[in-house]
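Asks: Here it is, the structure in full.
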Amino acid sequence: MNISTSSRYFALAGFLPVGVVFLMTSFEYTNYSAFAVAASVLALIAVAIFSFGVAVSRVIFVLIAIALVLWAALTHTDWMAATAIAAQRGAMVMALFTALTSIRNAAMTAPEIVECGRFLARQRSGLRYTALTIGGHLFALILLYGSISLLGTLATESTAREPDPEIRKQRTRRMMIAIQRGFASTLCWSPLGFSMIISVAVVPGARWSDAALPGVVSALMVLVIGWGLDALYKPPVKPSTRPVETERWVTQLRPLLLLLGLVLVGVALLHTVTEVEVIGAVMSLIPVIAILWIAMQRPPVGFTRSANIRKRALLFVTRELPRYRGEIVLLFMAGFIGSLGAFLLVPLVQAQGLDLTTIPPWIIVAAMVWVIPITGQLGMNPILAVSLLVPILPSPEVMGIPPTALVVAITSGWALSGVTSPYTASVMLAASLGGVSPLRAGLGWNGVFVLVAGTALTLWALSLFYIL
């Protein structure tokens, strides 16, 4: 297959994830299983096509999935049903990623959003960390990993004018750490994040509406502890005049806050009024907001607004989604392998006579905060770790653990993994922009932070275990 032919196939394959979004959204609203089956088939076809254009590290996950299917077929009579459930989990993750990518696509061409990021990056030294960590949180609610790319690029742009290389290095490091921790804090509560959606899906009896407020407390703990450590360790700086940007907070942040309000309130209303799960609300609302946002942007010269929407939609499907094929394959496989792997491991654990109900429940709650970042150091994606490990546990009701406490513990561990695992997109992006290795950008920059924040988050999760 030559390059032009493969590019054409990848471009056409971009329609498959879009179809998965439509079908999974239909399933969430109707609970009609035929939609989920069709979405799973489209997702498998997309992964099969995209696998020919991804790195070897992604192909390894595909081979592991095939091996698990063969293992299940040889050892279980109900392997087809388990494989179908695993494919549906992978399709759900693919649909969520595609929907969120659509609003990221709209945001990256919005001048007011880019200017908002530049405004945060240009704050005076005493306020810069606070601005970027709060801004990183707000941007990440909409852009996910794209927040690190956008704010990190603008941060390095602002430090490039610093003539002293040592000061430039220290400033870049602090700015990237602020953005990292702002991003990680969203993983504790955001209804748009994989962390909350996957956790609620795998923990029986859990609901986002119950875990959201405790998750916000977790996020505040991450932000405040990060700020405190930065204040403790930051190098002394010469006083500088207050830049003009400092005086325009309301004006500069208004577009981002309005967008966030629209998304979060819209998702909450859909979830409450229609009683559809949060993921269904996200998948149905986010693409609509993305289209409306593009419609509000000034079209290029020679294009009407409707023509610009059609052009942007076509480019998104045929160019941008195929460029994310590595992420699509990885995320689908993380959901698929986690689900099918749990199906295969549960009987093995039971055959060994391991009774996990004998473990004190508070130990399980505390362990979930730490297991996810530890497995992240071994290259295990948090989606894979959570999907694989949580189903092995007895149900929260049997263990005597409130589902909300378990979800808070899981999302807390997910947040810690998001700033330490050298294999996650967030750390790799920060490393690339900061000019260091992923290991340095992970544990090197955030080792002390993880110990302090992890301890605090563990105590918070345990408090919920005893209170709820």
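The values are calculated or read from the model by the stated rules, or taken from the named source; none is laboratory data. Since this is a predicted model, take the numbers as computed values, not measurements. Glycine gets a Cβ as well: all are built from the backbone with ideal geometry, and neighbour counts include every protein chain shown. Quick note on the areas: whole protein, heavy atoms, side chains included, nothing else; ligands and nucleic acids left out. Shrake-Rupley method; radii C 1.70, N 1.55, O 1.52, S 1.80 Å.
Asks: Within region 402-436, which residues have the backbone N less than 12 Å from the label spot 7 Å out from residue 169 along Cα→beta-carbon, could you tell me?
Replies: Under 12 Å, as judged by backbone N against the label point of residue 169, lie 435-436 of region 402-436.
Asks: Let me ask something else. Can you give me the P(r) profile for region 51-200? Cα pairs, bins 10 angstrom wide beginning at 0, each as a whole percent.
Replies: Bin by bin from 0 Å, the calculated values are 10, 29, 26, 19, 11, 5, 1.
Asks: I need the Kirkwood Rh of region 378-433: take the reciprocal of the average 1/r across all distinct C-alpha pairs and report it in angstrom.
Replies: Evaluated over region 378-433, this radius sits at 12.6 Å.
Asks: May I pose another question? So how do 372, 291 rank on accessible area, 1.4 Å probe, biggest first, that is with the largest at the start?
Replies: Putting 372, 291 in descending order of accessible area: 291, 372.
Asks: Report the accessible area of residue 234, computed with a 1.4 Å probe over the heavy atoms of all protein chains in place, in Å² rounded to the nearest 10.
Replies: 80 Å²
Asks: Another question about this same structure. Taking θ as phi - 60°, what are the ³J(HN,Hα) couplings along region 408-417 by the Karplus curve (6.51, -1.76, 1.60), each to the nearest whole Hz, with x for Gly and Pro?
Replies: Each residue of region 408-417 in turn: 4, 5, 5, 5, 5, x, 4, 5, 5, 5 Hz.
Asks: Which value results when the Cα radius of gyration for region 25-88 is divided by 2.2 N^0.38 Å?
Replies: Normalised Rg, Cα atoms only: 1.28.
Asks: By what distance, in whole Å, do the Cα atoms of region 277-405 stretch along each of the three principal axes, largest value first?
Replies: Principal extents (Cα only, largest first): 70, 28, 24 Å.
Asks: Indicate the gyration tensor shape class of region 83-139 (rounded, prolate or oblate), computed on the Cα atoms with a ≥ b ≥ c the square roots of the eigenvalues: a/c under 1.5 is rounded; otherwise a/b larger than b/c is prolate and the rest oblate.
Replies: Note, shape of region 83-139 comes out oblate.
Asks: What ranking of 320, 277 comes out by heavy-atom accessible area, probe 1.4 Å, highest first?
Replies: Reading off the accessible areas and sorting them downward yields 277, 320.
Asks: Using alpha-carbon pairs under 8 Å, 6+ residues apart, how would you state the relative contact order of region 236-382 in percent?
Replies: 9 percent
Asks: From the square roots a ≥ b ≥ c of the eigenvalues of the alpha-carbon gyration tensor of region 209-355, which class results: rounded (a/c under 1.5), prolate (a/b over b/c), or oblate?
Replies: Note, shape of region 209-355 comes out oblate.
Asks: Let me ask something additional. Please work out the Cα convex hull volume for region 332-393 and give it in Å³ per residue.
Replies: 75 Å³
Asks: Ok, one more. Step through the residues of region 301-309 one at a time and calculate ³J(HN,Hα) from phi using the Karplus curve (6.51 cos²θ - 1.76 cosθ + 1.60, θ = phi - 60°), rounding each to whole Hz and writing x for Gly and Pro.
Replies: Here the 3J(HN,Hα) series is 4, x, 10, 7, 4, 5, 5, 5, 4 Hz.
Asks: Could you tell me the accessible area of residue 301 in Å² (1.4 Å probe, neighbours in place), rounded to the nearest ten?
Replies: 150 Å²
Asks: What does the C-alpha gyration tensor say about the overall shape of the chain? Classify as rounded when a/c is under 1.5, otherwise prolate if a/b is larger than b/c, or oblate.
Replies: It comes out oblate by the Cα gyration axes.
Asks: Subtracting the Cα-Cα distance from 0.36 nm times the residue separation, let me have the gained length for residue 374 to residue 448 in nm, one decimal.
Replies: 25.2 nm
Asks: Under the 0.36 nm per residue contour assumption, what length would be gained going from the current alpha-carbon distance of residue 288 and residue 248 to full extension?
Replies: My answer for the length gained is 11.4 nm.
Asks: Expressed as a whole number of Å, what is the distance separating the alpha-carbon centroids of region 39-81 and region 261-330?
Replies: 28 Å
Asks: Let me ask you something else. Determine Rg/Rh for region 299-372; Rg is computed over alpha-carbon atoms and Rh is the Kirkwood hydrodynamic estimate from the same atoms.
Replies: On the Cα set of region 299-372, Rg over Rh gives 1.37.
Asks: Two-decimal Rg/Rh of region 148-207 from alpha-carbon positions, Kirkwood Rh?
Replies: Expressed as Rg/Rh, it is 1.25.
Asks: Could you order 104, 122, 319 by accessible surface area, starting with the largest, using a probe radius of 1.4 Å?
Replies: 319, 122, 104
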